[in-house]
Amino acid sequence: MTRLSRGALGLATAALTLLVAAPTPHTAGQQFADFSYAPPMRPRVIDAEGHWRWPFIYPLRLVDRIEHRFVEDRTRPVSLRWWRDGAVLSADSPEGPWLPLGGDPLGRDVFSRLLKGARLSLGVSAVAAAGALLLGTVLGALAGFHGGRLDRILMRAADFVLVLPAIYVVIVLRATLPLVLSTAQIFWTLTAVLALAGWPQPARGVRAIVRSERRQEYAEAAVASGAGWWRILHRHLLPATAGFLRVQVSLLLPAFILAEATLSFVGFGFAEPTPSWGVMLQDAAQAGVILEAPWLAAPALAIALCVFAVHSALGRAYPGPPSHVRDKTS
Amino acid sequence: MAPGLIRYVARRAGSAAVLVLVVSSAALILSRAAPPADAFGTDPAVLAADRHRLGLDRPLPEQYLAWLWRAARLDFGESLHFHRPVSALIRERAGNTALLGLSALLVATLLGLPMGILTGSRRNGPAVAATRTLSVALLSVPPLIMSLLLLLLAARTGWLPAGGLPDIPPDAGWTGSVLTTMRYLVLPTLALGLPMAASIERIQSDAIRTALAEPCMAAAAARGVPAHRIVWRHALRLSLGPVLAIYGIIIGAALSGSFAVEVVLSWSGLGQLMYQALQARDTYLATGCAAAGAVCLAIGIFVTDVAAALLDPRLERAV
Amino acid sequence: MARTVRTLLICLGLAALAGGYLLIRRPMSPTADHAAGPAAGDPPLRGGTLTVSLRSEPGTYNRLIDQSAAGELLSLLTQAPLVRVNRVTDTLEPWLAESWTTTDAGRTYMLRLRQGITFPDGTPFTSADVAFSFAALYDPRVNAVLAHDTYAGGKPLTIETPDPFTVVVRLAVPVAAGLRLIDSVPMLPKHRLQAALDAGTFRDAWAVASGVKGISGLGPFELTGHSAGQRMIFARNPRYWRRDASGSALPYLDTLTVVVLGDQNAEALQMQQGALDAMVNGEIRPEDVVAFRRLAAQGSLRLVEAGVSLDPNLLWFNLSPSRRADPRDAWLRHRSFRQGVSCAIDRDAVVNTVHLGAAVPIYGPVTPGNKTWYSGGRPACTYDAARARALFAEAGLTDRTGDGMLEDAAGAPARFSIVTHQGHTVRQRTVSVLQEQLRLAGLTVDVTGLDPGALFERWSRADYDAIYFGVQASATDPALNPQFWLSSGNFHFWNPRQPSPSTEWEGRLDDLFRQQAGATSLPARQRLMADAERILLEELPAIYFVAPKVTLATSTRVRNARPAPQIPQLLWAADTLAAVR
């Protein structure tokens, strides 16, 4: 891992932790009736007279509801406050809430929902990725170590799952479940479904590595000295797959973040009013709306950033061409 | 054709058929949730008659056998939601998805291959760094997000139609309709094709690198063959095998990806149809869509398998 | 000299352009009811074509068995009734019947048919076709969806045809609505359909699968092409009987193209991009209004205010006896619970968030848009959080655990689900607001979005707690909506098709409705309906929250638009709709 990607990984982890753990300014469901489609309220440090001051915001006043026009009330700046009511930063004034990323169609705080959504969206993907890796490693190692009939059956199954049009299968599966599920039930269902769809790729890789390593002398020696198969796997063979698994994480995690978003977006994942990123994107998917309230696409940006961070931190490095190829080939 | 190759092709065709059968059967069994009704407020007696006519009141095994028998004759039953034969609906929509998928594949190939060749054959330089960054960036913006961003762009600028299928009047001329279609195709194609281009870039880059590492390449370099000739004539040809093999998987990605693109950008293809079918709990339609998706995928995998086998005779023995 | 001339010419050109622009931009008045035909000085209106969008497709071309919006549109365009309700003035107009007289205290109507009307194939239209149409309507093998709406006192109308141009309609009891009962019954060609009716295959006649060739009607247009999933093309019916004030034959349009666009986003987009001249089920969603207003300001389309909607959405609870027994029934079916729900909702918040202000709060099924019948009645409690808690306590729901949420007598949380229409943003967002406000009142609500078909299926199995949905009623007169008011009706949402009224208040409702249908003076009927509405507001089997103010969009090419508050707002008068060429 290069220094750069280590740095990116650290940064991404820090950012994600902050994102997931930070208390939100408002609850995710709170509706401010006068703040439908309110634009983001940006913190400022220079006031209307040009003086520097402690970070503050100008509260918004509704001018035209149906055209969602708001004006900033420049006469009454509201200072930001640290740590009040559990929120890192808050600036609620009698005139209304502070919506750092604007309001959604129901006047809910997009920022708070984005943070709450991060817990669900990233949580599902992380747990599912871990599950898929675990399942894939165990099955791949079993197939690679024992070979024979077990190997053939497992790999046939892996091949089959691999070529299924995943999204269709997941959606059909979800459609068979009861309509009303609690958020926790949806969380674990999605996790299980994604893990079941994601195991073959790591399994195939682990199997190949275990197979080739098993023929190495040290493994043969371990077998000869009477070590149990689990011990051989666990002590000798699996460590060889670490690099491969890291790359797999970089593939599975983004794929699952996206899968959650897509499923919730089309109504087969989390459901309103649960704020997952896919649910939030439903509001943004109309040309008329996204033009007037581009901040509703914030979850799209969040997804892209997360995926980018995972790719650049964990992704496969470019080893570059072999040395006999000179640069400047023109 | 060698007998080995024929056997290989037959085996691949067999596994493709199994894939289609299993996917569509699973879909029928899974989506046999309560089938819906006609318009709101219809007399229940009429509905029961409708369901009886469509065979939805029979036990599952019987229904399944009947469905299989009819599916073998390309008759997938009638959609409850659209009141039309499923096969007609699928034929209509599959054309749109195929158009979108093929144009996206074309864009992805035209962008991804040169990018991959560049990053795979050079060590560094601003062009390589830029291409790599671009590739990671594109890979981070999957079709769902890309279509939302493009939707925003189109709505802001008004340069291109922000989604929807072109409505070509029946009396439009040939050039006119092609031009209109192209205008409407740009957005979904980019949304689907750009992330695919990044995947192709990665694979092509790896493949070129592997090809260049072959001893014969080093030998050629030692003989003084110019580097660009090595890359473009020899390594490229060697690298195409693995890249081609991946197209089967990419067709699956295109199907899955086009689902999001079609829903966001209102492109009425198979993905959108499947979406509508599941929303309406329309058993036969959902099954038909899944079957159609599986057929596309099976054909894609089959064709790439055979192409790869033709390019690289070792494969037929290996599998 | 030359320069002066040039300047003058440019000025003239600019003035002409500005004049033309102003002409195009001349705002439409929504309520003005122009006489059919061009006003003096207007360019001739005849000719041209318009393209409109429809969200669904007809399942059959046979109106008698198709209740869908598409079926109704098809009938309005290609067929004609004996008499027509003008949806703008809300008066009954002579249509295929040119005049009528009433005798026998409103039990008998004698209609005089217009002479010289022919079907598109040249066959003359006579009273035999009328008798045939009603025979098909009431034939049990046809099981027509329109049949129940055309009963008087629970009995079919009887039709007699003393001569080819006279029709006598007899009603079992006098009804206030009179001939409005038959406004939606199309006159069908006997020579085309008699064989099918005799053979018992009438339901299969005019199926979409057998093509557009065989269908025929007396409406302004003929369906000449239908590519399933894409469009229907309607061409002028050259034998259409109606003429405008200046004597030129209607319809004005040469062709009308109906594009099938199932997706609301796609529809709004195409309208904004100018690909459509109007949307059939036409109102603009609140969130699209800004974009439409901007385009209207640029002059690229026009907005028409069509008044307050007549078809509000409603929340109803499952009161059907066929529902599976549930421990929650003790409170879920309690009247105080429903009153509490109605009382816990701040309707202004729904107006402001979901409709961005473009709606009015309502409490009962008749909206202020229905000028003749709106009574302004309200339930005892309109919005009062403390009162709502008290009502919930009456139903047995109190906060036993001290967490702010309510529990029933057994200690189980007060939790129920609302099913609503997936993909319908207004309905989904309204339910989201209800959910949040009920949470503040102590109730946990699960929301499930379903496609209308799946939603209907659950409703017909009585497998739900509550549903938030809405259906269109094309008539303003409540007497024409017995399906909703009567306990035996199909649209008696909370407990449809009761063999006999299952509650005392539903019995009273039935009585009041029947009295109303039999009364003949309007004030007496209005009083009776207000009484009936008061029962609904007391019992609240269905809870109403808001009625949107409808804004329609048309392209600048549309002329002679006469928007009605009901769907299809513009195409109900398709024969006088015109286009700039």
(request) Taking H placed 1.01 Å from N in the peptide plane, check which residues at least 5 places from C:R84 or on another chain put their amide H under 5 Å from its amide H. (result) C:E93, C:W95
(message) Using the Cα atoms of the range A:22-148, I'd like the radius of gyration and the largest Cα-Cα distance, Dmax, both in angstrom.
(response) 22.2, 80
(request) Report the normalised scattering of the range B:216-300 as log10 I(q)/I(0) at q = 0.11, 0.19, 0.24, 0.26 Å⁻¹, calculated by the Debye formula with identical scatterers on the alpha carbons. (result) -0.50, -0.83, -1.08, -1.16
(request) Using per-residue counts of other Cβ atoms within 10 Å, averaged over each peptide, order C:554-566, B:266-278 from highest down. (result) B:266-278, C:554-566
(request) Straight distance only, please: which aspartates and glutamates reach the Cα of C:K371 with their own Cα at less than 15 Å, same-chain residues fewer than 8 apart left out? (result) C:D90, C:D311, C:D477
(message) So for each of C:371-377, C:174-180, C:57-63 I average, over its residues, the number of other beta carbons within 10 Å; can you give me the resulting order with the highest mean first?
(response) C:57-63, C:174-180, C:371-377
(message) As an exercise, use a Förster radius of 22 Å and the Cβ-Cβ distance of A:F160 and A:A208 to find the FRET efficiency, rounded to the nearest 0.05.
(response) 0.75
(request) Let me have the 222 nm mean residue ellipticity of the protein assembly as shown computed from DSSP H runs of 4+ only, each contributing -39500 (n - 2.57), with the sum over all residues rounded to the nearest 500. (result) -15500 deg cm²/dmol
(request) Hey, can you grab everything whose amide H is under 5 Å from the amide H of C:T398? Only 5+ residues off in sequence or another chain; H modelled, so Pro and N-termini drop out. (result) C:E407
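Let me make sure I get this right: for the range A:273-312, a, b and c are the square roots of the gyration tensor eigenvalues over alpha carbons, sorted descending. Under 1.5 in a/c it's rounded, otherwise prolate if a/b > b/c, else oblate. Which is it?
Oblate shape, in that a/c is at least 1.5 and b/c is the bigger or equal ratio.
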(request) Report, by chain and number, residues whose modeled amide H sits under 5 Å from the one on C:S417, excluding near sequence neighbours (fewer than 5 apart, same chain). (result) C:D446, C:D465, C:A466
(request) Report, please, the projected area of chain C averaged over directions, based on the convex hull of its C-alpha atoms, in nm². (result) 30.4 nm²
(message) Give the average, rounded to an integer, of partner chain Cβ atoms located within 10 angstrom of each Cβ in C:542-551.
(response) 0
(message) Restricting things to Cα coordinates, could you compute the convex hull volume per residue of the range C:211-347 in Å³?
(response) 252 Å³
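Quick check on the range C:396-542: of the DSSP beta bridges with both residues there, what percent are antiparallel, nearest 5%?
Of all bridge pairs located within the range C:396-542, approximately 15 percent are antiparallel.
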(request) For C:K213, list the lysines whose Cα falls under 24 Å from its own Cα; do not include residues on the same chain fewer than 8 positions away. (result) C:K190
(request) Over the Cα atoms of the range C:455-581, compute the convex hull volume and normalise it per residue, giving Å³. (result) 162 Å³
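Using a ≥ b ≥ c from the Cα gyration tensor of the range C:72-189 (square roots of the eigenvalues), is it rounded, prolate or oblate, where a/c under 1.5 gives rounded and otherwise the larger of a/b and b/c decides, a/b for prolate?
Numbers: a/c = 1.26, a/b = 1.19, b/c = 1.06.
It comes out rounded by the Cα gyration axes.
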(request) Note down, for the range A:203-293, the three equivalent ellipsoid semi-axes (square root of 5 times each alpha carbon gyration tensor eigenvalue), biggest first, whole angstrom. (result) 49, 12, 8
(request) Using only the alpha carbons of the range C:393-444, determine the length spanned along each of the three principal axes and report them from longest to shortest in whole angstroms. (result) 37, 17, 16
(request) Evaluate the Kirkwood expression for the hydrodynamic radius of the protein assembly as shown, namely the inverse of the mean inverse distance over all pairs of different C-alpha atoms, and round to one decimal in Å. (result) 33.7 Å
(request) May I ask for the angle, rounded to the nearest 10°, between helix C:127-138 and the longest principal axis of chain C, with both axes built from Cα atoms and the value confined to 0 to 90°? (result) 20 degrees
(request) For the range C:325-384, report the convex hull volume of the alpha-carbon atoms normalised per residue, in Å³, without decimals. (result) 117 Å³
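Considering only DSSP beta bridges where both residues belong to chain C, give the percentage that are antiparallel (nearest 5).
Rounded to the nearest five, the antiparallel share is 75 percent.
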(message) Starting from a Cα-only point model with no solvent, please compute log10 I(q)/I(0) by Debye for the range C:139-271 at q = 0.10, 0.13 1/Å.
(response) -0.51, -0.85
(request) Between A:A240 and C:L522, with labels modelled 7 Å along Cα→Cβ, what's the label distance in nm to one decimal, could you check? (result) 9.3 nm
(message) Please compute, for the alpha-carbon atoms of the range C:311-412, the extent along each of the three principal axes and give them in descending order in Å.
(response) 47, 34, 23
(request) Starting from the Cα gyration tensor of the range C:471-546, take the square roots of the eigenvalues, sort them a ≥ b ≥ c, and report rounded, prolate or oblate (rounded when a/c is under 1.5, otherwise prolate if a/b is larger than b/c, else oblate). (result) rounded
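We did not get these values from a lab; they are worked out from the coordinates using the rules stated. Worth saying up front: this structure is predicted, and the values here are computed from it rather than measured. Quick reminder, even Gly has a Cβ in these numbers, built from the backbone with ideal geometry, and neighbours come from all protein chains shown.
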